[in-house]
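The values are calculated or read from the model by the stated rules, or taken from the named source; none is laboratory data. Since this is a predicted model, take the numbers as computed values, not measurements. Cβ: placed from backbone, ideal geometry, glycine included. Neighbour counts: every protein chain shown.
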Amino acid sequence: MASESVTVYLKGDRNVEVTKQDVTLGDILEIECADKLLQSKIRVLKILRIREEKEQRFVISLLKIIDLIHERYPKVEIRNLGESDVIVTYENQKTSPMIWHLLKTAVVTVIIFCGSAFSIMAFNNDVDVSKLFGQIYELVIGKESNGFTILEIMYSVGLVVGILIFFNHFGKKRFTVDPTPMEVQMRQYENDIQTTLVEDAARRKKEIDLENGGGK
């Protein structure tokens, strides 16, 4: 058998999204092999049958994937170059109406705007910025401030510029090639979720049983 001396390389990301209910190894892993026929056969090995058309996640151990391959090709050498556990996320690709997306965007925009404005005003009132600016203006200019001077104007402009620089983008335009603080926080949040899913599945013994083709 030609495949006996062949090495198969597997590389899987921590989280993989699928949109079909019959999931094969090729859907969740990158597979490389010198024997292209063997590579094609491994790619189409069925690993998971998703029974319900709703968003759900499954945790699959690479050890069980290797065991599945060895059942068909016992003498093939397998090397894993990726994650030791793969989270398979199934999403039903039913597109919501455009008006629903616009409504959600408008609601989120209003909430963020009001929350940010409240936070800034609460901070200004807490430290009494108006009184401070008035004292500085009177000290430098020599007359009482009317509450609308160059200090207030530059402070307002500085807030906007500071926020734009901190978040590193305006609309679709980036100021630098670095990821934005929001992207960094979202990535950390995703990593925390994925770590929790893997550890919880291992603790509760709820990793996918490939022999049954589905989750417990």
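Mind listing whichever residues of region 74-99 are in a loop (DSSP other than H, G, I, E, B) and in contact with a strand residue (DSSP E or B) (Cβ under 8 Å, 6 or more places away or on another chain)?
Selection gives Val76, Leu81, Gly82, Ser84, Glu91.
Among the residues of region 1-34, what is the count of those that are of a type in the set (Ser, Thr, Tyr), farther than 13 Å from Asn80 by Cβ and either buried (at least 18 other Cβ atoms within 10 Å of the Cβ) or over 27 Å from the mean Cα position of the chain (by Cα) (or both)?
Here is the first cut: in region 1-34, the ones of a type in the set (Ser, Thr, Tyr) are 3, 5, 7, 9, 19, 24.
With farther than 13 Å from Asn80 by Cβ added as a condition, the list becomes 3, 5, 19, 24.
With either buried (at least 18 other Cβ atoms within 10 Å of the Cβ) or over 27 Å from the mean Cα position of the chain (by Cα) (or both) added as a condition, the list becomes 3, 5.
Number satisfying all stated conditions: 2.
Considering each residue of region 35-55, count those that are surrounded by 13 or more Cβ atoms within 10 Å (Cβ to Cβ) and either of a type in the set (A, V, I, L, M, F, W, C) or free of Cβ contacts under 8 Å to residues at least 40 places away in the same chain (or both), and give that number.
10
I'm checking my understanding of the structure. Among residues of region 171-215 that are surrounded by 12 or more Cβ atoms within 10 Å (Cβ to Cβ) and assigned to a strand (DSSP E or B), which one is modelled with the lowest pLDDT?
Per the criteria, the residue is Gly214.
Out of (1) within 24 Å of the chain's Cα centre (by Cα); (2) without any contact (Cβ under 8 Å) to a residue 12 or more places away in the chain; (3) under 30 Å from Thr19 (Cβ atoms), the odd one out for Ile99 is which?
Of the numbered conditions (1) within 24 Å of the chain's Cα centre (by Cα); (2) without any contact (Cβ under 8 Å) to a residue 12 or more places away in the chain; (3) under 30 Å from Thr19 (Cβ atoms), the odd one out for Ile99 is (1).
Based on what the data block shows, is Lys64 touching a Lys or Arg at 6+ places or on another chain (Cβ under 8 Å), surrounded by 14 or more Cβ atoms within 10 Å (Cβ to Cβ) and part of a helix (DSSP H, G or I)? Steps first, answer last, please.
Working: touching a Lys or Arg at 6+ places or on another chain (Cβ under 8 Å): no; surrounded by 14 or more Cβ atoms within 10 Å (Cβ to Cβ): yes; part of a helix (DSSP H, G or I): yes.
The answer is no for Lys64.
With respect to Ile69, determine if the residue is surrounded by 13 or more Cβ atoms within 10 Å (Cβ to Cβ), assigned to a strand (DSSP E or B) and modelled with pLDDT of 90 or more.
It is false that Ile69 is surrounded by 13 or more Cβ atoms within 10 Å (Cβ to Cβ), assigned to a strand (DSSP E or B) and modelled with pLDDT of 90 or more.
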